[in-house]
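For reference, the structure is listed below as structure tokens.
The values are calculated or read from the model by the stated rules, or taken from the named source; none is laboratory data. Since we're looking at a predicted model, the values are computed, not measured. All Cβ positions, even for glycine, are placed from backbone atoms using ideal geometry, and neighbour counts span all protein chains on display. All accessible areas refer to the heavy atoms of the entire protein, side chains included, with ligands and DNA or RNA removed. Shrake-Rupley method; radii C 1.70, N 1.55, O 1.52, S 1.80 Å.
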Amino acid sequence: MCGIVGYIGHREAYPVVLKGLKRLEYRGYDSAGVAIYDGKNIKLSKTKGKVADLETRVKDEITVDGSLAIGHTRWATHGEPNDVNSHPHYSNSGDLVIIHNGIIENYEPLKQELINRGYKFQSDTDTEVLVNLIEDVKKNENVKLGKAVQIALNQVVGAYAIAVFDKNKPDEIVVARLGSPLVIGIGDEEFFIASDATPFIEYTNNAIYLEDEEMAIVRRGKKVKVRKIKDDSLVDPYVQELQLNLEQIEKGGYDHFMLKEIYEQPRAILDTFRGRMLSNDGIIRMAGVDDNIEKFLNAQRILIVACGTSWHAGLVAEYVFENLTRTPVEVEYASEFRYRNPVITEKDVVIAISQSGETADTLAAIKLAKSKGAFVFGVCNVVGSSISRETNAGAYTHAGPEIGVASTKAFTTQITVLTLIALKLAQKKGTISTSEFHGYLSEMDAIPAKVEKTLESDEHVKAISSIYKDATNFLYLGRGYNFPVALEGALKLKEISYIHAEGYPAAEMKHGPIALIDEQMPVVVIATRKGHYEKVVSNIQEIKSRKGKIIAVVMQGDTTIRKIADYVIEIPETLELLTPLLTTIPLQLLSYYIAVMRNCNVDQPRNLAKSVTVE
Ligand code: M6R
């Protein structure tokens with residue numbers, strides 16, 4: 001994880017890098033640092049804490065003039081988050097300075113060798129080993145920085161996106177990537193380096209995304225030179241024109257990104273099916289599916305791999321695909337899948353779901369599936385991300401940048417894409433009738449407006465949140481399509497409010513969790529009038545008779561549950577298969593308001609990072 005930013009050009013570099021770090025804080029925020037070159041010296045400042053703490057420290061410690069700078073915001077892997085372990089890191093001579101996102105797995109033997117050669121280390125990090133390895137190569141082989149970086153990287157095992165410069169050659173920054181993202185923004189006589197494009201989008205829309213095992217020398221006034229790290233061959237870099245704009249990555253008047261992103265869902269869902277679903281004509285078109293339709297239709301099984309919220313979207317998709325297409329589906333945590341010698345064949349279609357497109361476990365699961373001959377399809381949000389490039393084909397969710405660490409619009413747009421795919425396959429296979437197909441399409445068309453309507457429960461959910469904000473445990477129950485929504489509701493609450501929460505299939509409660517119910521226990525039950533409604537009503541009765549508190553998410557006009565629940569939150573009527581797109585909304589709001597009322601950092605919850613690029 002971690003965010004890296006760099007600048008070399010004609011502006012003052014520090015403000016560019018500082019603003020960039022603030023935008024990348026979603027990637028990690030336990031410590032931060034900058035190194036600025038002022039024409040003579042490197043000025044370095046770093047601290048445990050957030051970028052705002054760095055800003056304060058910089059004011060006390062260094063002057064900030066200089067047109068070359070690199071900066072880092074960290075999510076600790078090696079070494080606790082403290083001032084010394086923060087990046088940037090100097091080499092022993094003080095000539096080289098580096099920032100790094102990733103993990104050098106063989107850092108211990110490398111460190112030992114360097115110690116044997118007289119090197120001293122201040123920090124516990126793998127990064128300080130890497131910068132000294134580069135220095136050692138540079139000295140011993142008598143080569144320039146770029147070559148030294150290349151030779152050193154050929155000795156390391158692990159993942160990295162790095163930016164390094166040499167005080168004696170301050171007209172260039174050397175960057176490289178393997179497994180962690182790195183993009184170079186190409187401005188007018190200036191260059192930006194970052195983990196994603198958000199730090200430089202107000203300066204340029206032109207960018208080069210480095211591929212794995214590539215490095216580049218970014219030199220003042222020169223064209224960017226990209227080469228393969230392994231064999232030194234030159235690569236013709238593809239300069240991409242980005243579609244991102246500044247408004248998309250700002251809070252737009254909301255208190256938190258999470259709230260903004262919750263409210264963006266009607267638009268995000270619409271953008272996800274816009275141009276793909278032509279409901280009047282009864283057509284779904286998705287290039288990634290259309291071009292590979294035989295693979296999907298002949299699949300003996302669909303295997304879904306993902307982590308966290310994306311895994312929950314995969315679980316919803318399991319119900320949707322099996323119901324509509326009658327193709328067997330299995331959903332796996334990517335982290336488990338890759339390590340258990342799974343049975344995969346060429347007849348499997350693997351769908352990898354990831355908002356960021358950078359999740360290390362999902363990426364590794366994809367590589368494994370590909371190596372066994374499976375066709376791998378990606379559902380990603382971030383355009384140009386590693387997963388979108390590693391998969392054989394895919395579909396973007398078009399949710400727009402998701403900055404809040406807690407995933408919201410990514411979840412509903414992932415479900416939207418997956419539902420479109422399932423509907424398309426069901427139509428082709430004839431596993432649903434034409435009238436059912438049209439019914440789904442026209443109801444799907446109505447979903448953005450219904451999400452909008454569901455958001456009107458905001459104040460009511462806020463009031464419920466104030467009643468239960470001090471609870472120490474929560475249970476979330478759902479059945480069928482809404483069982484994964486219960487899991488997702490519990491995850492949202494856990495990650496941003498630090499309240500312990502469990503999601504369960506409602507019927508499983510009597511096999512254990514019912515023992516937890518007492519008058520202190522709030523139980524959120526998703527009880528739409530579709531999908532085993534009577535059974536869920538019985539589950540609610542069982543909880544009530546043990547004095548549990550019921551917050552029920554019901555369909556508009558429900559009178560039965562209103563009589564027995566403590567609180568009800570209504571969603572508009574829709575088809576059962578599409579209910580997760582609506583039932584999720586109040587659960588997102590509930591976790592959001594509870595976290596705000598508990599004074600938790602909603603957008604940057606403790607110990608977490610937005611994209612988990614470590615295993
Ligand atoms: O970027 P990805 O969708 O691959 O991320 C997967 C999980 O890390 C992510 O969903 C995580 O669980 C979120 N914090 C949930 O809100």
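Side notes on the structure shown:
- Among the residues making up segment 594-615, those that are β-branched (Val, Ile, Thr) and either within 17 Å of SER465 (Cβ to Cβ) or touching a strand residue (DSSP E or B) at 6+ places or on another chain (Cβ under 6 Å) (or both) are ILE594, VAL596, VAL602, VAL614.
- Matching residues in segment 229-253 - criterion: being in contact with a strand residue (DSSP E or B) (Cβ under 6 Å, 6 or more places away or on another chain) and surrounded by 11 or more Cβ atoms within 10 Å (Cβ to Cβ): ILE229, VAL235, PRO237, VAL239, GLN240, LEU242
- Considering GLY480, GLY439, the condition of being modelled with pLDDT of 95 or more, away from the ligand (no atom under 16 Å from the Cβ), open to solvent by 10 Å² or more (accessible area, probe 1.4 Å) and over 23 Å from ASN601 (Cα atoms) is satisfied by GLY439 alone.
- Exactly one residue out of VAL143, VAL157 is modelled with pLDDT under 95, among the hydrophobic types (A, V, I, L, M, F, W, C), open to solvent by 10 Å² or more (accessible area, probe 1.4 Å) and not assigned by TED's automatic domain parsing to the domain that holds THR362: that is VAL157.
- Residues (open to solvent by 20 Å² or more (accessible area, probe 1.4 Å) and of a type in the set (S, T, N, Q)) located in segment 442-467: SER442, SER466
- Residues in segment 495-510 that are within 14 Å of PHE474 (Cα to Cα), more than 16 Å from the ligand (Cβ to nearest atom) and outside any strand (DSSP E or B): ALA506, MET509.
- Among the residues of segment 551-567, those that are under 10 Å from ALA527 (Cβ atoms) and in a loop (DSSP other than H, G, I, E, B) comprise ASP558, ALA565.
- Taken as a whole, the condition of being within 15 Å of the ligand (Cβ to nearest atom), closer than 28 Å to GLN604 by Cβ and of a type outside the set (A, V, I, L, M, F, W, C) applies to THR412.
- Members of segment 182-203 that are open to solvent by 10 Å² or more (accessible area, probe 1.4 Å) and in a loop (DSSP other than H, G, I, E, B): GLY187, ASP188, GLU189, ASP196, ILE201, GLU202, TYR203
- Looking across VAL350, VAL405, one residue alone is open to solvent by less than 10 Å² (accessible area, probe 1.4 Å) and in contact with a helix residue (DSSP H, G or I) (Cβ under 9 Å, 6 or more places away or on another chain). It is VAL350.
To keep it simple, each residue is scored yes or no on (1) closer than 25 Å to TYR319 by Cα; (2) touching a helix residue (DSSP H, G or I) at 6+ places or on another chain (Cβ under 7 Å); (3) surrounded by fewer than 23 Cβ atoms within 10 Å (Cβ to Cβ).
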| residue | (1), (2), (3) |
| --- | --- |
| THR559 | no, no, yes |
| ARG562 | no, no, yes |
| TYR567 | no, yes, yes |
| PRO586 | yes, yes, no |
| ALA595 | no, yes, no |
| ARG598 | no, yes, yes |
| LEU608 | no, yes, yes |
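- Some residue of segment 576-586 being at pLDDT 95 or above and under 13 Å from ALA406 (Cβ atoms): yes
- Considering the conditions (1) modelled with pLDDT under 95; (2) more than 28 Å from the chain's Cα centre (by Cα), LYS230 is excluded by exactly one of them, (1).
- Annotation for segment 562-582: no member residue is within 30 Å of CYS2 (Cα to Cα), outside the structural domain of LYS50 (by TED's automatic domain parsing) and within 16 Å of the ligand (Cβ to nearest atom).
- Among the residues of segment 354-367, just one is hydrophobic (A, V, I, L, M, F, W, C) and closer than 11 Å to GLU332 by Cβ, namely ALA365.
- Condition check for ILE366: part of a loop (DSSP other than H, G, I, E, B) and more than 21 Å from THR408 (Cα to Cα): no
- Filtered by the rule that a residue be farther than 12 Å from GLN265 by Cβ and of a type outside the set (Phe, Trp, Tyr), segment 440-452 gives LEU441, SER442, GLU443, MET444, ASP445, ALA446.
- Qualifying positions in segment 285-313 - more than 24 Å from TYR476 (Cα to Cα), under 27 Å from the mean Cα position of the chain (by Cα) and open to solvent by less than 20 Å² (accessible area, probe 1.4 Å): MET286, GLY288, VAL289, PHE296, ILE302, LEU303
- Screening ARG326 against (1) within 16 Å of the ligand (Cβ to nearest atom); (2) closer than 20 Å to PHE375 by Cβ leaves a single unmet condition, (1).
- Identity of the residue in segment 330-363, among the hydrophobic types (A, V, I, L, M, F, W, C) and more than 16 Å from the ligand (Cβ to nearest atom), that ends up farthest from ILE415 (Cα to Cα): VAL343
- Qualifying residue in segment 373-394 (condition: in contact with a His (Cβ under 9 Å, 6 or more places away or on another chain), within 9 Å of the ligand (Cβ to nearest atom) and not charged (D, E, K, R)): yes
- Candidates ILE151, ILE173 - the one that is touching a strand residue (DSSP E or B) at 6+ places or on another chain (Cβ under 7 Å), among the aliphatic types (A, V, I, L, M) and in the same structural domain as LYS228 (by TED's automatic domain parsing): ILE173
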